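Novice: Below is one structure. I have some questions about it.
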Amino acid sequence: MSWDQYVSKQLVESGNVKMGAICGLDGSVWAASPDLKITQEEVKTIATNFGTDNFNTSGVVLSGERFVFLRAEEGNLRAKKGKKFLHITKTNTALIMGISEEPIQPGCCTCTVEALGDYLKGLNY
């Protein structure tokens with residue numbers, strides 16, 4: 001399965017994620033939903049600051065949008081902007097990102113993104 005298929009089939013087609021992406025920890029974008037215009041700099045900033053409290057004041061910027069940081073724990077990061085919810089799971093080599101929007105419940109997005117992250121961790125990604 002290609003990276004694009006993981007994003008489209010495993011994330012978006014689940015109905016729990018509106019847009020998704022898989023990116024390398026070096027900032028490279030491996031695959032992303034067409035409407036998600038993320039930059040290498042945004043991804044690199046997220047990867048570099050993952051697990052720190054740097055997002056508490058600056059928020060999380062993705063696709064040019066600033067999300068309010070909610071929390072980070074055990075390789076997962078959550079943020080929100082209005083009716084949008086952002087969940088990011090970190091694997092050994094990648095960041096799995098999912099954005100949901102009301103009426104999708106944030107917990108559904110979280111489960112879907114984390115499940116793909118766990119699967120990829122099992123494959124040593």
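The values are calculated or read from the model by the stated rules, or taken from the named source; none is laboratory data. Small disclaimer: the values here were computed from a predicted structure and weren't measured. In this analysis, Cβ positions are derived from the backbone assuming ideal geometry, glycine residues included, and neighbour counts consider all displayed protein chains. Heavy atoms of the whole protein, side chains included, go into the accessibility calculation; ligands, DNA and RNA do not. Shrake-Rupley method; radii C 1.70, N 1.55, O 1.52, S 1.80 Å.
Novice: Determine if region 63-82 includes at least one residue that is in contact with a helix residue (DSSP H, G or I) (Cβ under 9 Å, 6 or more places away or on another chain), open to solvent by less than 30 Å² (accessible area, probe 1.4 Å) and more than 22 Å from Thr48 (Cβ to Cβ).
Specialist: Taking every residue of region 63-82 in turn, none turns out to be in contact with a helix residue (DSSP H, G or I) (Cβ under 9 Å, 6 or more places away or on another chain), open to solvent by less than 30 Å² (accessible area, probe 1.4 Å) and more than 22 Å from Thr48 (Cβ to Cβ).
Novice: Does region 11-25 hold any residues that are modelled with pLDDT of 95 or more and open to solvent by 80 Å² or more (accessible area, probe 1.4 Å), and which are they?
Specialist: Lys18
Novice: Something else: Taking Phe55, is it modelled with pLDDT under 95 and buried (at least 20 other Cβ atoms within 10 Å of the Cβ)?
Specialist: Considered against the rule, which asks whether it is modelled with pLDDT under 95 and buried (at least 20 other Cβ atoms within 10 Å of the Cβ), Phe55 comes out as yes.
Novice: Just to be sure I understand the filter: pairs with C-beta atoms under 8 Å, separated by 6 or more residues or on different chains, first member in region 1-20 and on the phi > 0 side of the Ramachandran plot, second member in a loop (DSSP other than H, G, I, E, B) and open to solvent by less than 60 Å² (accessible area, probe 1.4 Å). Which pairs pass?
Specialist: Gly15/Ile104
Novice: Let me ask you something else. Cβ-Cβ distance below 6 Å, separation of 6 or more or different chains: which pairs start in region 40-59 with a residue that is closer than 12 Å to Ser28 by Cβ and touching a residue at least 40 places away in the same chain (Cβ under 8 Å) and end on one that is assigned to a loop (DSSP other than H, G, I, E, B) and open to solvent by less than 30 Å² (accessible area, probe 1.4 Å)?
Specialist: Final answer for the pair search is Val43/Gly27.
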